[in-house]
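Shown next, in structure tokens, is the structure this report addresses.
The values are calculated or read from the model by the stated rules, or taken from the named source; none is laboratory data. Just so we're clear, the structure is a prediction, and the values are computed from it rather than from any experiment. As a convention, Cβ positions derive from the backbone with ideal geometry for all residues, glycine included, and neighbour counts pool all protein chains shown. SASA here: full protein model, heavy atoms, side chains in, ligands and nucleic acids out. Shrake-Rupley method; radii C 1.70, N 1.55, O 1.52, S 1.80 Å.
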Amino acid sequence: MPTNTIGTDGTITRDARSRYRLRAEDGAHGAFEAETKRAGGSPRAEVEVSRGAAPDAIAALLGEGAGADVVIRQRRMYDGERLVQLANTYIPAFVAEAAPAVAQLDTGAGGIISRMAEAGLAQTEVVEDVELVMASEEAAEALGVKLGELLLAITHVGRTEDGRVVEVTRHVLGRGWKLRYGVPLD
């Protein structure tokens, strides 16, 4: 059973072992909402959706050329009134055409991963790279940290069974996160 907690000190545990599998639990609209509710928190998100060109580094991860047309979902994710995460998701145009709900503010139970699956674009592999990054001016101001302070960043790349990349999300986490992973051993 997943152990998702928000500690008495406000630490949030992000449990990679279960977060995507349980993303629609109790009608949650994605992994963040499900895991935060399960931990006793009060999740909410401010969402902006637009269409535009992917930044070069994101286009490369998508396997697209520079300036690739994407749906961009920019989210500010809160536990109660505390902003805990900034997340920008880039969805290729072919996915948005197959699963138009990914471009809606409210993507329903299970979020965009569920809408993609319903359109025949189920993510069967997710690779997440975790790194320390210096807080940009925007992140520092939003998350209440100093410019240049080290923050955790997670770059999520979701692929279908045939290897197509259907999503790249860049998460920048504020203070107080713990990441939990489980690796099966043969």
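Suppose only helical runs count, i.e. DSSP H with n ≥ 4. What mean residue ellipticity at 222 nm does that imply for the chain under -39500 (n - 2.57) per run, divided by all residues and rounded to the nearest 500 deg cm²/dmol?
Value at 222 nm, helices only, nearest 500: -5000 deg cm²/dmol.
Averaged per residue, what accessible surface does region 29-152 expose to a 1.4 Å probe, in Å²?
Roughly 49 Å² per residue, with all protein chains present.
In a Debye calculation with equal point scatterers on the alpha-carbon sites of region 54-101 and no solvent, what is log10 I(q)/I(0) at q = 0.29 Å⁻¹?
Per q value, in the given order, log10 I(q)/I(0) is -1.00.
Of the listed values [x] 18.1; [y] 16.9; [z] 19.5, grab the one calculated as Kirkwood radius over Cα pairs in Å from the structure here.
Checking each listed value against the structure points to [y].
If the only charges are +1 at each Lys and Arg Cβ and -1 at each Asp and Glu Cβ, what is the size of the charge dipole of the chain around the Cα centre, to the nearest 20 debye?
So the magnitude is around 460 debye.
Which whole-number percent gives the relative contact order of region 117-186, counting Cα pairs below 8 Å spaced six or more residues apart?
That works out to 29 percent.
Given a 1.4 Å probe and every protein chain left where it sits, what share in percent of the accessible area of region 1-158 is carbon and sulfur?
50
Could you give the distance between the Cα centres of region 152-185 and region 32-105, to the whole Å?
Value for the Cα centre distance between the two parts: 13 Å.
Quick one: what are the phi-derived ³J(HN,Hα) couplings along region 95-101, Karplus 6.51/-1.76/1.60 with θ = phi - 60°, whole Hz, x for glycine and proline?
Rounded to whole hertz, the list is 6, 4, 6, 6, 10, x, 5.
Over region 134-186, consider all pairs of different Cα atoms and compute the Kirkwood hydrodynamic radius from their mean reciprocal separation; express it in Å, one decimal.
Kirkwood hydrodynamic radius for region 134-186: 13.4 Å.
Within the set of other residues whose C-beta is less than 15 Å from the C-beta of V133, count the net charge using Lys and Arg as +1 and Asp and Glu as -1.
Taking every Cβ under 15 Å from that of V133, the sum is -3.
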